[in-house]
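These notes are about the structure you will find just below.
The values are calculated or read from the model by the stated rules, or taken from the named source; none is laboratory data. Keep in mind that this is a model prediction, so the values were computed, not measured. Note: ideal-geometry Cβ built from the backbone for every residue, glycine included; neighbour counts use all protein chains shown. Side chains included, ligands, DNA and RNA excluded: accessible areas come from the protein's heavy atoms. Shrake-Rupley method; radii C 1.70, N 1.55, O 1.52, S 1.80 Å.
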Amino acid sequence: MSALDQDRIVAVIGSGAMGAGIAQVAAVAGHTVKLYDTRPDAVAKAIADIAKVFGKLVEKGRISGADANAAHARLHAAATLADVAGAALVVEAIVENLDVKRALFADLEAIVGDDCILATNTSSISVTAIAAGLRRPQRVVGMHFFNPVPLMALVEVVSGLATDAGVAATVHDTAAAWGKNPVHARSTPGFIVNRAARPFYAEGWRLLNEQAADPATIDAVVREAGGFRMGPFELMDLIGHDVNYSVTQSVFQAYYNDPRFTPSVLQKELVDAGFLGRKSGRGCYRYGDGATTVPPRSEAPQARPEFVSYSADAGVQDAATDAMARRLRQAGIAVSSRKPAEGHASAEAPAFHCNGAAVYLTDGRSATERARANHHPDTVLFDLALDYASATRIAVACADQCDPAAFNAVVGLLQAAGFAVSRLDDVPGLAVMRTVAMLANEAADIVHQGVCSAQAVDTALLKGVNYPRGPLAWADAVGIAHIVTVLHNLAATYGEDRYRVSPLLRRKHASGGRFHE
Ligand code: NAI
């Protein structure tokens, strides 16, 4: 461990939302903290606000009164920038503007000692660019916390081109000593989380734009089947569409308009209208007086089918389909095992047969396309779930040529197993599969391009945005071969470079490897 000793002074510049949180965490960890801001009274307000937080933590028994008082006594206002002279680590959390940050770091270099580390909490500016032109650019590093700082465990430790590896290691270990979960990243647009999480929002917008379902239904599927805490639309309403749209735009522009990151015209409309989400009373949903909660759409109850079989011996099964079969059997549904019918010799055997309907896990083709390929008009697809044993909802789609009675039999089957069933229009990849495949694709490219390790990208999404599982671990669980097939089929359907398969996913598929052994 090369963490800063507790007796070294930490300075925090900028005492807004982030600076106050960073100061609180550093003080609780035992450091004397000097807090500076150009705005009159901002520091006093931040220290008073932290005192209130400590009061609540003491009430809840999370921290003793003595520890809270001691931590509070370690917080000091710096009247001028020169007062941070003795700091071993300065964390900058001022306005997100390159020129202002550069000017601050140049001023700091004239004040602090040569071995003082200069860290920036920037979420979107290149650490390399902030350090450029300084006398000692090797001591500049990103220390990117997430909001609210005391609650979010992730810290991205971002190295620019000039950053000294020892400096990054010290900041990493110091963040760990402060109780955080740090990960190393190379300074690239969006660092890890703000890049890796883009598909979560982007695929939501794509689904909405293609009229797969309304926001409430897509959100419910992503939450109840995908296991995410919130669906994309309710989350963006919380973040604010102005903020979310501007992050998407900045990542899109920084990657020279890579279609992977294309912003959505639907979100632009919301921003143009001033429908920014919760904070303005309207976003994808309405809030405030008189607003009613929109329920997700679920299929009406259907009869339990008489006949269900599972092609367990046909070589079509995968981990997800096996888990679905277990859920059906655990619900007391008699699922017979069957070998593929003669007629399927040249086509794919369905995973399940249900009163004549052929049922498959989505592979990134539409049900309609798959029905034609397999000469089985009554084709129904089901979506990925994080955990089929406990999911409360599942999304399905059926082929345009499917007999409604056959579709209803599949709905009845899934309802008998305890799922609420949400029918999406016949979009390729459905909702959870498509989102997870694109998250894994982006995560794989991040690793492929040396931004961070596979472990780091999964940790970043677990701890920085609370995903239920790291996307690369999820790809391992679904099977990399299946994820590659989904992406390949999405790419073929849309003919867009957006769905191109990451070279690292292809390579893992070809070698039979996994991201996490
Ligand atoms: P904020 O607007 O709440 O606070 C910024 C503070 O910096 C203000 O009190 C302002 O008076 C002060 N300030 C501005 N210029 C200054 C200067 N030259 N010297 C000293 N103080 C100065 O902003 P917030 O949200 O705390 O963000 C701060 C930084 O953290 C930005 O770089 C932002 O991108 C980054 N960040 C923000 C996150 C968020 O969710 N708000 C998450 C992660 C990073």
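Protein heavy-atom surface of the chain, 1.4 angstrom probe: 51% of the accessible area is carbon and sulfur, with nucleic acids and ligands not counted. Each helix, a run of at least 4 DSSP H residues, gives -39500 (n - 2.57); summed and divided by the residues of the chain, these come to -12500 deg cm²/dmol at 222 nm. When its C-alpha radius of gyration is set against 2.2 N^0.38 Å (N residues), segment 128-224 gives a value of 1.44. The region of the chain that goes longest without hitting one of the chymotrypsin sites (Phe, Trp or Tyr not before Pro) in a DSSP loop, each with at most 16 other Cβ atoms within 10 Å, is 1-254. The coefficient of translational diffusion for the chain, derived via Stokes-Einstein from the alpha carbon Kirkwood radius under 37 °C and 0.692 mPa s, stands at 132 µm²/s. Remark on ILE117: its backbone amide H falls under 5 Å from those of LEU89, VAL90, a criterion applied only to residues 5 or more positions apart or on other chains, H modelled at 1.01 Å from N.
Pairs spanning more than 26 Å between alpha-carbon atoms, out of LYS60/LYS463; LYS180/LYS268; LYS56/LYS180; LYS60/LYS180; LYS34/LYS279; LYS268/LYS508: LYS180/LYS268; LYS34/LYS279; LYS268/LYS508.
Residues whose amide H lies under 5 Å from that of ALA420, counting only those 5 or more places away or on a different chain, are ARG393, ILE394; hydrogens are built 1.01 Å from N in the peptide plane. Full extension of the chain between GLU210 and SER309 gives 32.4 nm of extra length, using 0.36 nm per residue less the Cα-Cα distance. For segment 1-76, the mean projected area of the C-alpha convex hull, equal to one quarter of the hull surface, is 5.2 nm². Segment 129-168 and segment 1-46 have Cα centres separated by 16 Å. Rg/Rh for segment 254-330: what does it come to with C-alpha atoms and Rh from Kirkwood? Rg divided by Rh gives 1.23.
Run the numbers on the chain and let me know its relative contact order in percent, using alpha-carbon pairs under 8 Å that are six or more apart. Relative contact order for the chain comes out at 12 percent.
Relative to the longest principal Cα axis of the chain, at what angle does helix 215-224 sit, 0 to 90 degrees, rounded to 10? Long axis of 215-224 versus the principal axis of the chain: about 90 degrees. Within the chain, CYS116, CYS284, CYS354, CYS452 have no other Cys Cβ under 4.7 Å of their Cβ and so lack a disulfide-compatible partner by this rule. Building the convex hull from the alpha-carbon atoms of segment 10-187 and averaging its projection over directions returns 8.9 nm².
Each Lys or Arg adds one and each Asp or Glu subtracts one; over the other residues with Cβ under 14 Å from the Cβ of ARG139, this totals -3. Take segment 1-70 with all the other protein chains still there, run a 1.4 Å probe, and you get 51 Å² of accessible area per residue.
Given their separation in residues at 0.36 nm each and the Cα-Cα distance between them, GLU517 and ASP258 gain 90.1 nm when the chain is fully extended.
Evaluate E = 1/(1 + (r/R0)^6) for VAL58 and ASN181, where r is the Cβ-Cβ distance and R0 equals 30 Å; express this FRET efficiency to the nearest 0.05. Step by step, r from the Cβ atoms, then E = 0.75. For segment 308-423, the calculated P(r), taken from all Cα-Cα distances in 5 Å bins from zero up to the bin holding the longest distance, is 2, 13, 25, 28, 21, 9, 2, 0 percent. Beta bridges from DSSP with both residues in the chain: antiparallel share about 30 percent, rounded to the nearest 5. An ellipsoid equivalent to segment 195-280, defined through the eigenvalues of its Cα gyration tensor, has semi-axes of 20, 15, 12 Å when rounded to whole angstrom and sorted largest first. Over all orientations, segment 381-494 has a Cα convex hull whose mean projected area works out to 8.1 square nanometres.
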